[in-house]
Amino acid sequence: MDTGAPITTVPVELARPYNIHIGHGCLASLGERLLQLGYKAGTKVLAVSNPVVAEHYGQTLSQSLQQAGFNLELLVVDAGEEHKTPATVARIHDGAYAMGLERGSLMVALGGGIVGDMTGFAAATWLRGIAVVQVPTTVLAMVDAAIGGKTGVNHPGGKNLIGAFHQPRMVLMDPATLATLPLKEVRAGMAEVIKYGVICDPLLFEQLEDRQRLDDLDTIGAPLLQQILKRSAAAKARIVANDEREGNLRAILNYGHTLGHVVETLTGYSQYLHGEAVAIGMRAAGVLSLQLGLWSEADQQRQVNLLQRCGLPIQAPELEASAVREAMLHDKKVRDGRVRFVLPSAIGQVVIRDDINLDEAIKALQATSQAA
């Protein structure tokens, strides 16, 4: 899917700024871009990927880096949610040790959000922190996980409870890598795109509404895909620049995630992709906003309609109220024993609340176990 468009660059304005580059075929330019960042030929680079992505794009990455003179090793790890654990990070650490990575060395994450999170965490904790470059190959990772420096792994008690903030030196998004992405993964990534529309970008939301179907890349179309990646990246870059470590504003990026993580945790990370669980969480957050009188039935229906056009699940499984409560209380966003909820008040606007009765939240999630 060649967009015919030049490479777009979105800056992330932090104390140590970095750029997000978006463009069809730009994976082949990775080596040259690292040289432009100041890395020298001979620098040791440990690239981490999963078997499927490595098979399709490992050679392109390897050729780009080797032609630029980098000393490269490609480590392939399993990357399902069940593998997003300290044990897999230890494998990456073992690879770093075997290669003799130094403080001036580099890790590169080639894959989806799980590979990006684990590689970023490994980089953050190797020699107390070495550089990492994110090369996302899924819609979800491109619009969300690869940007902003959140890294980590799951704990049996909850998602992403073990981690660190570690900003990348660069993010390189090549839409060409989405050509081999399974349809289910495309749909899951679109949940995060809809999230941006609800929390801060009503124009993006309206652009999505102009499409009768949003369930695969062909129906989305190259021009809209380029807009999706650019607007989503720019939205997250603005939010991260204003709140790098989630003191307040950045919490809006968790829209749909608090209750979505409950669904993931209580189904053992095996029944839903992350984006699918977020879709359920977004619908539940909308129901909770309706219960509290924060937004309208019309806006809730607009949200549900878009989720359905993406082919996303919006019906939660049957979950025990006590288990839901326990999972919420162990969420990493809990402050002083209070669960923080991001709730929509209009398309393009949300509020953060920590005064919600958990019984109301449980009721909202349970309500989504019924069909829309």
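The values are calculated or read from the model by the stated rules, or taken from the named source; none is laboratory data. Predicted, not measured: the structure shown is a model, and the values here were computed from it. Note: ideal-geometry Cβ built from the backbone for every residue, glycine included; neighbour counts use all protein chains shown.
Kindly provide the set of residues from region 172-215 that are over 16 Å from ALA237 (Cα atoms), assigned to a helix (DSSP H, G or I), hydrophobic (A, V, I, L, M, F, W, C) and more than 14 Å from the chain's Cα centre (by Cα), ordered by number. Break it down stepwise before answering.
Going residue by residue through region 172-215, those that are over 16 Å from ALA237 (Cα atoms) are 174-191, 194, 198, 202-203, 205-215.
In the following step, the residues that additionally are assigned to a helix (DSSP H, G or I) were identified as 175-180, 183-191, 194, 198, 202-203, 205-209.
Then drop every residue that is not hydrophobic (A, V, I, L, M, F, W, C), which leaves 176, 178-179, 183, 186, 188, 190-191, 194, 198, 203, 205, 208.
Once the filter is applied, which keeps residues that are over 16 Å from ALA237 (Cα atoms), assigned to a helix (DSSP H, G or I), hydrophobic (A, V, I, L, M, F, W, C) and more than 14 Å from the chain's Cα centre (by Cα), region 172-215 yields ALA176, LEU178, ALA179, LEU183, VAL198, LEU203, PHE205, LEU208.
Looking only at region 1-41, filter to residues that are assigned to a helix (DSSP H, G or I) and small (Gly, Ala, Ser); which one of those is surrounded by the most Cβ atoms within 10 Å (Cβ to Cβ)?
The residue in question is GLY31.
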ask   = Restricting attention to region 30-49, which residues are in contact (Cβ under 8 Å) with a residue 40 or more places away in the chain and over 21 Å from GLY149 (Cβ atoms)?
value = THR43, LYS44
query = If only one of LEU249, LEU224 is surrounded by fewer than 24 Cβ atoms within 10 Å (Cβ to Cβ), more than 18 Å from the chain's Cα centre (by Cα) and aliphatic (A, V, I, L, M), which one is it?
reply = LEU224
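Based on what the data block shows, is LEU249 of a type outside the set (Gly, Ala, Ser) and at pLDDT 90 or above?
So LEU249 fails the test.
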request  = Taking the options ALA98, ALA68, ALA87, name whichever one is closer than 24 Å to THR177 by Cα and among the aliphatic types (A, V, I, L, M).
outcome  = ALA68
query = Identify, please: which residue in region 136-171 is of a type in the set (S, T, N, Q), touching a residue at least 40 places away in the same chain (Cβ under 8 Å) and in a strand (DSSP E or B) and is, among those, farthest from VAL278 (Cα to Cα)?
reply = ASN154
remark   = Selection from region 217-274 of residues within 26 Å of LEU365 (Cβ to Cβ), among the acidic types (Asp, Glu) and part of a helix (DSSP H, G or I) yields GLU264
key: Long-range neighbours under 8 Å by Cβ, at least six apart or interchain, first residue within 12 Å of LEU34 (Cα to Cα) within region 60-73, second of a type in the set (Phe, Trp, Tyr) and surrounded by 19 or more Cβ atoms within 10 Å (Cβ to Cβ)   = PHE70/TYR39
